[in-house]
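Notes for the one structure printed next.
The values are calculated or read from the model by the stated rules, or taken from the named source; none is laboratory data. From a predicted model like this one, the values you see are computed outputs, not experimental measurements. Positions of Cβ are generated from backbone atoms using ideal geometry, with glycine treated the same way; all protein chains shown enter the neighbour counts.
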Amino acid sequence: MKTVKETQSTPIGQVTLFTLINTKGAQVKLSALGAGIVEIIVPDRDGNMADVVIGYPEASSYIADGPCAGKTPGRYANRIANGRFTLGYKEYNLPINNGPNHLHGGPDGFQNRIWDAEELAPGKIRFTLESKDGDAGYPANVKASVTYTWDDNDTLTIDYDATSDAPTVINLTNHSYFNLAGHNAGPVKAMNQKLTLNCTNWLPTDDTLVPTGEIAPVAGTPMDFTTARKVGEAIFTPEADPSTETLITDFDAIRYGKGYDNCWVADIYDGKAHPIATLKEPESGRKVIVSTDQPAVQVYCGNWLTGSPAGKDGAIYTDYCAVAIECQGCPDAPNKPGFPSQLLTPALPYHRTIQFTFTTD
């Protein structure tokens with residue numbers, strides 16, 4: 001395993017980047033800005049290497065980018081309704097930055113900060129961030145860390161840990177967008193990727209994409225990915241160019257977000273990591289198997305990627321050109337007692353894991 005370290009200047013400070021290269025030449029590039037993934041370069045079935053996540057050539061482009069590309073949002077990934085939750089009979093108010101709701105910790109969330117960085121071992125990098133009591137309206141002093149481990153089996157393991165000095169809430173995930181044909185292969189390739197979810201239930205939402213609290217079966221709906229299906233199958237006509245095609249669905253959940261921006265509930269949630277999703281690109285044969293101990297997974301089809309910062313290799317990213325698979329706690333769980341708790345206390349530290357295993361068929 002080889003590690004290459006570099007730094008880039010940004011308006012908010014120096015950013016350290018690490019490129020982890022395994023013995024097969026597959027590599028992952030990580031950034032201290034947002035504790036994020038910048039590149040994942042893996043082979044297709046013929047051994048041809050390609051970068052399969054969207055991103056930007058300059059570290060400064062990651063500051064407050066709309067897509068949150070590859071980064072670690074926080075303190076609470078996804079939405080909290082109306083930017084409010086109650087803990088210990090006290091109401092906390094958070095910044096509103098997504099319609100009427102709070103999203104990804106607000107405009108100054110963890111994804112827009114430079115984390116401390118250290119190499120723990122060959123192929124293993126840890127990023128650490130301290131968040132003070134009152135940060136974005138959240139209670140308690142929190143120390144969070146994200147540890148990435150890249151191995152010779154082309155598996156990227158991400159371990160999330162957090163401690164606090166008082167009760168609060170937390171929800172951490174990775175926000176990488178995958179196009180397994182290549183990060184710049186475009187929306188047709190992205191929407192033709194085949195997705196499987198080990199989830200027989202999903203979370204219906206209101207028209208602002210906040211869950212209603214219901215847990216509904218996927219059977220008989222466009223939310224059913226229990227067998228492999230093209231991501232865009234229920235959204236666009238076959239072989240359409242998603243960048244110009246109008247939606248064909250009248251299913252509210254898809255219509256609300258202009259495509260999939262929805263949360264599915266893991267069939268197995270027992271504190272251990274299990275496969276929850278598989279994404280495959282038929283022509284290259286590349287696939288990524290996503291495993292986690294998180295209770296849910298948000299799938300977002302990049303419905304609003306047009307206008308992203310200039311991409312790597314001169315890429316211009318458009319709507320639907322990549323798919324995010326975000327293992328996480330349920331959106332708005334602090335306001336939905338029927339969802340798994342996202343409570344963090346001094347006696348109940350937070351630990352979650354996500355694994356991306358890249359292989360081919």
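A few points about this structure:
- THR237 meets all of the listed conditions (1) without any contact (Cβ under 8 Å) to a residue 12 or more places away in the chain; (2) more than 16 Å from TYR320 (Cα to Cα) but one, namely (2).
- Here the stretch 156-180 is the region considered, the condition is being polar (S, T, N, Q) and touching a Phe, Trp or Tyr at 6+ places or on another chain (Cβ under 7 Å), and the residue that is surrounded by the most Cβ atoms within 10 Å (Cβ to Cβ) is ASN171.
- Selection from the stretch 298-354 of residues that are of a type in the set (Ser, Thr, Tyr) and under 18 Å from SER61 (Cβ atoms): THR306, SER308, TYR317, THR318
- Within the stretch 19-46, the set of residues being more than 17 Å from ASN179 (Cα to Cα) and part of a loop (DSSP other than H, G, I, E, B) comprises ASN22, THR23, LYS24, GLY25, ALA32, GLY34, ALA35, ASP46.
- Among all residues of the stretch 315-335, there is at least one that is modelled with pLDDT of 95 or more, surrounded by fewer than 21 Cβ atoms within 10 Å (Cβ to Cβ) and within 16 Å of THR205 (Cα to Cα).
- Which listed residue is in contact with a helix residue (DSSP H, G or I) (Cβ under 6 Å, 6 or more places away or on another chain) and crowded, with 19+ Cβ neighbours inside 10 Å, from PRO57, PRO73: PRO73
- Test: residue in the stretch 56-67 that is farther than 25 Å from VAL210 by Cα, in contact with an Asp or Glu (Cβ under 7 Å, 6 or more places away or on another chain) and not in a strand (DSSP E or B): no
- Every residue from the stretch 250-282 that is crowded, with 23+ Cβ neighbours inside 10 Å and in a loop (DSSP other than H, G, I, E, B): GLY259, TYR260, ALA266, GLU281
- Residue in the stretch 16-34 that is within 29 Å of CYS301 (Cβ to Cβ) and within 14 Å of the chain's Cα centre (by Cα) present: yes
- Residue within the stretch 219-234 that is part of a strand (DSSP E or B), surrounded by 15 or more Cβ atoms within 10 Å (Cβ to Cβ) and modelled with pLDDT of 95 or more present: yes
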